[in-house]
Structures are given as C-alpha cells and as structure tokens.
Amino acid sequence: MHVLVVNDDGIHSPGLAALASAAAALGDVTVVAPAIEQSGVGLTITYRHPLMYEEVHRRRPARNGEPGERYHYGYAVHGSPADCAKLGVLELGPLLRGSRPDLVLSGINLGANVGHGVLYSGTVAGAIEAAFHGVTSVAVSCVSRDPDDWTPLAEYAVSVAGQLAERHGDTAALWNLNLPAAAPKGLKAVRCSPDRRGDLLERRDSPEGRPYYWTGMDPATAGDPAPDTDAGAVAAGYAALTPLRYDLTDPAGFAALRDLDLPTD
C-alpha cells in the first residue's frame, strides 16, 4: 500500500512525524506538507501564482560515534493542505513511489476538528481534496496540542485507517477521526456536533490608534456536547469517527422550491 501523509500544521509538526512513522506499518509512505503552518485555511488552493515545493531531508540518530544517515523525509509545499494533497496524489506521490497513493492520512492535527470546525479545518480539507481525486482519506486530529506521547495515538489512528482502507479503499470514502489526549477508551461512530461555540471578536487599538481585531472561539459557551457527537465522544475519552461527504446538496431543500415560480428553460 502507498500512503500519502499531509497536514496543515506544517512539515515540522510532531503530529505529522508520528503519523508518517506509524503509517510505515501499512507500506510505502510519502510526506507532502505545508512549508509553514496553514491552520484554518479550509479548502484554499493556490492558482494565482506558481505552486512551489522543495525536498526536505533529515538525519537519523548517530550511532557508535558516526553521524546518522541523511534521508529523504518529505516535500515542503509553499501552499495549503489542499495543494499538498493535490500535488501528492497527482505528481509527487507517483514521482517518488511510481504510483498514486492508495490511502491519504491528514494530520495528526494539533487540536480537535469537531462540529462546524470541519468546515474551517485545513486538516479536513487535505483529506477532502484527496477524496476529490478518488483516494480514500482520513483526517486525524487530537484534542491536545501536546499529548504525553504522539506514538500510541498515531499507531491507533493508522490501525483504524488501515481497516477503513481495506473495507472502503475503492470507494474514495472520506472520514474524520478525532482522538483524545491519551489512549482512547474505545472507538465511537458519531455525527458532527451541531453546537457552535461562541465567536470571539476582540477589538484592540494599534499604537497609531487604528482598530484591529483578534478572532477566535469561546469554548466556555458551548455547554456539554451530546454524547452521540464527535465533540461529546472525545470529551468522554473516546476516539470519534465520522463519515463525511463533500456534496453539500440538501435533498430536503428541494421541497421548498416546489411552489416557486421558477423559469423552466
């Protein structure tokens, strides 16, 4: 199996390194990630200027007084997570491994991507872009930005993703997996939380007196999430798995159009 690993926290993220290392248990791994952090950019793509990348090398730990071997780690892209997935599936994966990826893993994100957050998430966007191109994809996030150990979380995520790929590898399925900060109590298949945390829009003034704003979310306004949602499951210590789709059509909405006087041609 050829696994492409992308993310939105950047090529040097510890979550990415752990996920790429664990994915080696499934087969060959290609890493294609943003050169700098691209959190919250959603499905942004680069099309008004050239999309550039460079190869990233690392060095293995020294042994017996000898410097460690230098090896290819991945590709750093000057673009978004969606750009990384597109490049990885169509160009860089086949260039490095001789074939398109069979599975795309996006993450591990430093922080959960639950509820409405999936619409903003660069991590989820990387998985969506890969699914656009016919590859089964799993976005992986962790509620903690700094868990005690990334390795067991990454291995858990790869175990889940490997089973999904085995069962749905030919369907371009799209999944969102959120992990608690420690070993999950189990895995729950849940829906996205419908609850939205309160928006923060904090006004400040520059030294010149010009107003500017810091934006964000206020978790204190969210209340207790429902246990059958992604937010509720990870809050209770479970891994939360949600099937996603990028067709935003609402079939029920067509009923509201029946009485409208719409042109037929």
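To keep it simple, each residue is scored yes or no on (1) outside any loop (DSSP other than H, G, I, E, B); (2) among the small types (Gly, Ala, Ser); (3) farther than 20 Å from ALA130 by Cβ.
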position	(1), (2), (3)
VAL31	yes, no, no
LEU43	no, no, no
ARG48	no, no, yes
GLY79	no, yes, no
LYS86	yes, no, no
PRO94	yes, no, no
PRO101	no, no, no
SER106	yes, yes, no
ALA112	no, yes, yes
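Examine the stretch 134-143 for a residue that is of a type outside the set (Asp, Glu), touching a residue at least 24 places away in the same chain (Cβ under 8 Å) and at positive phi, and state whether such a residue exists. Yes.
Note on the stretch 11-32: residues that are over 15 Å from ALA127 (Cα atoms) and touching an Asp or Glu at 6+ places or on another chain (Cβ under 7 Å) amount to 2. Whenever a residue of the stretch 4-29 is at pLDDT 95 or above, its partners that are charged (D, E, K, R), lying with C-beta atoms within less than 6 angstrom and at least six residues away or across chains, give the pairs ASP9/GLU37; GLY10/GLU37; ALA22/GLU155; ASP28/ARG97. Note on the stretch 173-199: residues that are surrounded by fewer than 15 Cβ atoms within 10 Å (Cβ to Cβ) and within 12 Å of SER137 (Cα to Cα) total 0. Against the numbered list (1) surrounded by 12 or more Cβ atoms within 10 Å (Cβ to Cβ); (2) over 18 Å from the mean Cα position of the chain (by Cα); (3) within 21 Å of THR151 (Cα to Cα), LEU96 comes up short only at (3). Out of the stretch 4-29, which residues are in a strand (DSSP E or B) and either out of contact with any Gly (no Cβ under 6 Å at 6 or more places or on another chain) or at positive phi (or both)? VAL5, ASP28, VAL29 - these are the residues of the stretch 4-29 that are in a strand (DSSP E or B) and either out of contact with any Gly (no Cβ under 6 Å at 6 or more places or on another chain) or at positive phi (or both). Residues of the stretch 156-190 that are of a type outside the set (A, V, I, L, M, F, W, C), out of contact with any helix residue (DSSP H, G or I) (no Cβ under 7 Å at 6 or more places or on another chain) and assigned to a strand (DSSP E or B): none at all.
Put simply, of ILE108, ILE36 the only residue that is among the aliphatic types (A, V, I, L, M) and crowded, with 24+ Cβ neighbours inside 10 Å is ILE108. Would you mind finding the one in ASP218, ASP170, ASP199, ASP230 that is at pLDDT 95 or above, in contact with a strand residue (DSSP E or B) (Cβ under 9 Å, 6 or more places away or on another chain) and of a type in the set (Asp, Glu)? Answer to the selection: ASP230.
In the stretch 243-265, how many are among the hydroxyl-bearing types (Ser, Thr, Tyr), surrounded by fewer than 10 Cβ atoms within 10 Å (Cβ to Cβ) and either in contact with a Leu (Cβ under 9 Å, 6 or more places away or on another chain) or more than 25 Å from ASN176 (Cα to Cα) (or both)?
Filtering the stretch 243-265 down to residues among the hydroxyl-bearing types (Ser, Thr, Tyr) leaves 246, 249, 264.
Now drop any that are not surrounded by fewer than 10 Cβ atoms within 10 Å (Cβ to Cβ), which leaves 249, 264.
Okay, now just the ones that are also either in contact with a Leu (Cβ under 9 Å, 6 or more places away or on another chain) or more than 25 Å from ASN176 (Cα to Cα) (or both), so 264.
Result for the stretch 243-265: 1.
The set of residues from the stretch 180-196 being in contact (Cβ under 8 Å) with a residue 60 or more places away in the chain and either under 12 Å from ALA236 (Cβ atoms) or small (Gly, Ala, Ser) (or both) comprises just one member, SER193. Cβ-Cβ below 9 Å, separation at least six or inter-chain, first residue in the stretch 198-215 and over 21 Å from GLY115 (Cβ atoms), second β-branched (Val, Ile, Thr) and exposed (fewer than 10 other Cβ atoms within 10 Å of the Cβ): which pairs? From the stretch 198-215, the pairs are GLU202/THR215.
One line per residue, one yes/no per condition, for (1) over 19 Å from THR123 (Cβ atoms); (2) among the aromatic types (Phe, Trp, Tyr):
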| site | (1), (2) |
| --- | --- |
| ASP148 | yes, no |
| TRP175 | no, yes |
| SER193 | no, no |
| ALA240 | no, no |
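Residues being at pLDDT 95 or above, surrounded by fewer than 18 Cβ atoms within 10 Å (Cβ to Cβ) and of a type in the set (A, V, I, L, M) are represented in the stretch 56-77 by at least one member.
The values are calculated or read from the model by the stated rules, or taken from the named source; none is laboratory data. A quick note: this is a predicted structure, and the numbers were derived from the prediction, not measured. Positions of Cβ are generated from backbone atoms using ideal geometry, with glycine treated the same way; all protein chains shown enter the neighbour counts.
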